[in-house]
Amino acid sequence: MNNNLGKLDFKEILSRCCVIDLQDKTIVHLKNNLALYLILVLGFVVRFYGVQFGLPEIYHADEPMVVNHAVAYGSWDFNPHYFKLPPLLSYSLFLIYGIYFVLGYIVNVFNSISEFEMLFLTDPSSFYLIGRMVFGVIFGTATIYLVYLLALQLCGGKKVAILSALFLALSFLHVRNSHYIYHDIPMTFFVVLTSISMCNLYKRQKVVDYILTGLYAGIAVGFKYNAALLCISIFLTHLLKDTKPNLKKILLDGKIYICGLVMIITYLVTNPFSIISFNEFAREFVALTRSEGSFPFLFHLRYSLVGGLGLPVVLASIGGIFWIIVKYNRYGIVVFSFPIIYYFFCGFVSQGHARYVIPLIPFFVISASFLICKIFQSRSFFKKRHLLLCILTFFVVLPTLLKSFYIDYLFASGDTRAQAKTWIERKVPFNAIIAFDHGFFTPKLNHSNEQLKNKLKETNSVLQKKRIKLLLENTCKKPKYNLFYLANRGELKSFFLFQSPIIENKWENIHREGIQYIVIHKRKKEDSPLYLGLDKYAELVKTFSPYKDKNKVYSLDVDVNTAAPFFANEIFSRRSLGYTIQIYRVLGKK
């Protein structure tokens, strides 16, 4: 193997970790770039506005999984016991919560760990808000800057870089998901960081570039397994760095092995129990692969990317990718190998969630910006081509801009579940027996004392026991009800303590349990006996609609929404989040 790996300069590593090459004149310092400052401020504002949505209730289906794991590490058991997603996000959140406690302790907000736990159990708003700010708003905004740097690395043109940053700042899918605590936004940040490091690796071929590329890629995989596809791009970069590649020389070059080793070590540091508890990890990982499905190859292009970026940006980006690869040849392949490989992966192995394409968005906005700028650099255009460029940019970004602004409005406008809860607590007698047709898309009410005592016996979780005892102590201050959850015969097992007891959704069961009210959510049209019997066995007493049109009932987004809708016509038809919720009073037997 080649032992001439070069000397490591510690100062150089620190400089490269900041992604700014002080010797590269194409990198323009932020203080001299007012346009970039304004775009970063804009990107921050559209990600920050509405970030408190739903709180203190949790209306994002996946956030509690991350937050609860982070809080559970307070018992000093760092085995997540869940490996369908890597634990780096929950580990990082645990560290941030530790800082939150220390700062609160210093200023006498918390006098003990018990008080800190009590805050989480009584009102977890600050915990969710901190997570959304760090892993959504801040990481999302920082990615805008990285896209600016990557565009400069690739194209060397400030106009392309500024336009790329603007498109990402207003990208609907990136804006929407930057309001959440989830893996996609921080993973995308490190994917872009890895791509910048790969560009440096291609140009300079220094050991430090290989080390940092492996480091960033390992962290990306630590946030989400999909980023492991970066391995292929890194090897292609190593393969193409020489004008006349010699396979033997390439394979014997120790720098690529250093890169791979750093990537593996970094990943293992972020997910150590994938080795320590390998059998548990393997079982969960196999379950993850079985949950993935196959979709038509163009599904994510037509649905996720067009909906997340807007059709004009997607069309421009496709043309831009071909132009960049033709113009820059090997360098273009280095930058766009990952998005091409990643899309092929999503085209054959993925789920129908739009968030799967978030790592593609930075590359699509760069290629779209490149195409638009190159067209208007042509001398065939008349002298006012800069004005034309501004006009075209406005119309290209308009669809995603409008969706981004309006989704912020919806995030700040409340939720039908909160509206229904307020009405029930004011109008329905305490200790009434209420049934829900779904545990997540319906209001979250307080269980009765008797039900809480039963749950206390059922759970082995120390944190859950504390929560239940706290609810029992304070339950006299809050409206409480006897709650049931309706399900089909094959769905009677509950995995969530506070979404039980479950009964089969048959009217004889409803009458037997003495249920007085039924709360229905209108996600899609149902024709089961439960819904068909509502007119016969119950009367409608209240409807809460998220739509401007009172005649509209069902969502156009037929898939489950984790928090906010995705389709443009669904978004603009709304005045709030949530589904249509109807409250029925159960009549006597007929």
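On the given criteria, is THR562 in contact with a Ser or Thr (Cβ under 6 Å, 6 or more places away or on another chain), surrounded by fewer than 21 Cβ atoms within 10 Å (Cβ to Cβ) and of a type in the set (S, T, N, Q)? If you could, list the steps in order and put the result at the bottom.
Working: in contact with a Ser or Thr (Cβ under 6 Å, 6 or more places away or on another chain): no; surrounded by fewer than 21 Cβ atoms within 10 Å (Cβ to Cβ): yes; of a type in the set (S, T, N, Q): yes.
No; evaluated as a whole, the condition is false for this residue.
From the list VAL66, VAL51, VAL102, which residue is β-branched (Val, Ile, Thr) and within 25 Å of ALA282 (Cβ to Cβ)?
Working: VAL51 fails: within 25 Å of ALA282 (Cβ to Cβ); VAL102 fails: within 25 Å of ALA282 (Cβ to Cβ).
Among VAL66, VAL51, VAL102, only VAL66 is β-branched (Val, Ile, Thr) and within 25 Å of ALA282 (Cβ to Cβ).
Between residues in the stretch 464-487 that are under 18 Å from VAL519 (Cβ atoms) and residues that are outside any helix (DSSP H, G or I) and modelled with pLDDT under 85, which pairs lie under 6 Å by C-beta distance while being six or more apart or on different chains?
Here the result reads TYR485/GLY439, each pair linking the stretch 464-487 to a residue that is outside any helix (DSSP H, G or I) and modelled with pLDDT under 85.
Of the residues PHE83, PHE48, PHE78, which single one is within 26 Å of ALA142 (Cβ to Cβ) and of a type in the set (Phe, Trp, Tyr)?
Values: PHE83 fails: within 26 Å of ALA142 (Cβ to Cβ); PHE78 fails: within 26 Å of ALA142 (Cβ to Cβ).
So the residue among PHE83, PHE48, PHE78 that is within 26 Å of ALA142 (Cβ to Cβ) and of a type in the set (Phe, Trp, Tyr) is PHE48.
Return the pair list, or none, for Cβ contacts closer than 8 Å from residues in the stretch 136-150 that are among the β-branched types (Val, Ile, Thr) to residues that are not in a helix (DSSP H, G or I), at least 6 apart or on different chains.
VAL137/VAL51; VAL137/SER178; VAL137/HIS179; THR141/SER178
Only one of PHE139, PHE135, PHE167, PHE110 is under 20 Å from LEU463 (Cβ atoms) and buried (at least 18 other Cβ atoms within 10 Å of the Cβ); which? Step through it out loud before you land on a result.
Numbers: PHE139 fails: under 20 Å from LEU463 (Cβ atoms); PHE135 fails: under 20 Å from LEU463 (Cβ atoms); PHE167 fails: under 20 Å from LEU463 (Cβ atoms).
Going through PHE139, PHE135, PHE167, PHE110 in turn, the sole match is PHE110.
Restricted to the stretch 198-237, and to residues that are of a type in the set (Lys, Arg) and outside any helix (DSSP H, G or I), which residue is farthest from PHE273 (Cα to Cα)? Show your work before the answer.
Residues of the stretch 198-237 of a type in the set (Lys, Arg): 203-204, 206, 224.
Imposing the further condition that a residue be outside any helix (DSSP H, G or I) reduces the set to 206, 224.
Working: LYS206: 33, LYS224: 15 Å.
Among them, the one singled out is LYS206.
Got a sec? Which of SER90, SER114 is at pLDDT 95 or above, hydroxyl-bearing (Ser, Thr, Tyr) and on the phi < 0 side of the Ramachandran plot? Can you show your working first?
On the way: SER114 fails: at pLDDT 95 or above.
Just a single option satisfies the conditions, and that option is SER90.
Given the criterion within 25 Å of HIS353 (Cβ to Cβ), touching a residue at least 24 places away in the same chain (Cβ under 8 Å) and not in a loop (DSSP other than H, G, I, E, B), identify the matching residue among LEU163, LEU168, LEU121, LEU154. Even if it seems obvious, please write down each step before you answer.
Details: LEU163 fails: within 25 Å of HIS353 (Cβ to Cβ); LEU121 fails: within 25 Å of HIS353 (Cβ to Cβ); LEU154 fails: within 25 Å of HIS353 (Cβ to Cβ).
Residue meeting the stated conditions: LEU168.
It is to be established whether one or more residues within the stretch 318-326 are over 20 Å from LEU305 (Cα atoms) and not charged (D, E, K, R). Before you say what the answer is, go through the steps one by one.
Restricting attention to the stretch 318-326, the residues satisfying the condition of being over 20 Å from LEU305 (Cα atoms) are 325-326.
Of the ones still in play, those that are also not charged (D, E, K, R) are 325-326.
Yes, the stretch 318-326 contains a residue that is over 20 Å from LEU305 (Cα atoms) and not charged (D, E, K, R).
Which number in (1) among the aliphatic types (A, V, I, L, M); (2) closer than 23 Å to SER369 by Cβ; (3) without any contact (Cβ under 8 Å) to a residue 24 or more places away in the chain marks the one condition that ILE333 misses?
(3)
Looking at GLY218, GLY307, can you tell me which residue is surrounded by 16 or more Cβ atoms within 10 Å (Cβ to Cβ), within 21 Å of the chain's Cα centre (by Cα) and modelled with pLDDT under 95? Give the steps one after another, and end with the answer.
On the way: GLY218 fails: modelled with pLDDT under 95.
The unique qualifying residue is GLY307.
Go through the stretch 238-285 residue by residue and tally those that are farther than 24 Å from TYR342 by Cβ, in contact (Cβ under 8 Å) with a residue 12 or more places away in the chain, outside any helix (DSSP H, G or I) and charged (D, E, K, R).
The qualifying residues number 1.
Restricting the search to the stretch 37-86, which residues are under 19 Å from VAL175 (Cβ atoms), among the β-branched types (Val, Ile, Thr) and in contact with a Ser or Thr (Cβ under 6 Å, 6 or more places away or on another chain)?
Selection gives VAL46 alone.
Quick one: in the stretch 314-337, which of the residues that are under 18 Å from PHE235 (Cα atoms) and either out of contact with any Ser or Thr (no Cβ under 7 Å at 6 or more places or on another chain) or not assigned by TED's automatic domain parsing to the domain that holds VAL191 (or both) is modelled with the highest pLDDT? Quick ask: steps written out before the conclusion?
Here is the first cut: in the stretch 314-337, the ones under 18 Å from PHE235 (Cα atoms) are 325, 329-337.
From what's left, either out of contact with any Ser or Thr (no Cβ under 7 Å at 6 or more places or on another chain) or not assigned by TED's automatic domain parsing to the domain that holds VAL191 (or both): 325, 329-333, 336.
Details: ILE325: 84, ASN329: 73, ARG330: 80, TYR331: 81, GLY332: 83, ILE333: 85, PHE336: 89.
It comes out as PHE336.
Quickly run through the stretch 468-515 and pick out the residues that are part of a loop (DSSP other than H, G, I, E, B), within 15 Å of GLN451 (Cβ to Cβ) and modelled with pLDDT of 85 or more.
Of all residues in the stretch 468-515, those part of a loop (DSSP other than H, G, I, E, B) come to 478-480, 488, 492-496, 500-501, 505-506, 513-515.
If we keep only those that are within 15 Å of GLN451 (Cβ to Cβ) as well, we get 478-480, 494, 496, 500-501, 513-515.
PRO479, LYS480, PRO501, GLU513, GLY514, ILE515, listed by residue number.
Wholly within the stretch 9-80, which helices (runs of 4 or more DSSP H) include no fewer than the required count, namely at least 1 residues that are modelled with pLDDT of 90 or more and of a type in the set (Lys, Arg)? Give the derivation first.
Working: elements: 10-17, 34-48, 63-72.
Passing ranges, in order: 34-48.
All but one of (1) part of a helix (DSSP H, G or I); (2) without any contact (Cβ under 8 Å) to a residue 40 or more places away in the chain hold for LEU445; which doesn't?
Answer for LEU445: the failing condition is (1).
Pull up the stretch 499-540, narrow it to residues that are within 36 Å of the chain's Cα centre (by Cα) and aromatic (Phe, Trp, Tyr), then point me to the one that is surrounded by the fewest Cβ atoms within 10 Å (Cβ to Cβ).
Here the residue is TYR531.
Could you give me the residue pairs with C-beta distances under 8 Å whose first residue belongs to the stretch 400-418 and is part of a loop (DSSP other than H, G, I, E, B), whose second residue is among the aliphatic types (A, V, I, L, M) wherever it lies, and which are 6+ apart or on separate chains?
From residues that are part of a loop (DSSP other than H, G, I, E, B), the pairs are SER413/LEU577; GLY414/LEU577.
For the condition part of a helix (DSSP H, G or I) and touching a Phe, Trp or Tyr at 6+ places or on another chain (Cβ under 9 Å), what is the one hit in SER367, SER337? Working first, answer last.
Working: SER337 fails: touching a Phe, Trp or Tyr at 6+ places or on another chain (Cβ under 9 Å).
It is SER367.
Does HIS174 qualify as being at pLDDT 95 or above, out of contact with any Cys (no Cβ under 6 Å at 6 or more places or on another chain) and part of a helix (DSSP H, G or I)?
For HIS174, the condition - at pLDDT 95 or above, out of contact with any Cys (no Cβ under 6 Å at 6 or more places or on another chain) and part of a helix (DSSP H, G or I) - is met.
The values are calculated or read from the model by the stated rules, or taken from the named source; none is laboratory data. The structure displayed is predicted, hence computed values, not measured ones. Cβ coordinates were reconstructed from backbone atoms using ideal geometry, including for glycine residues, and neighbour counts include every protein chain displayed.
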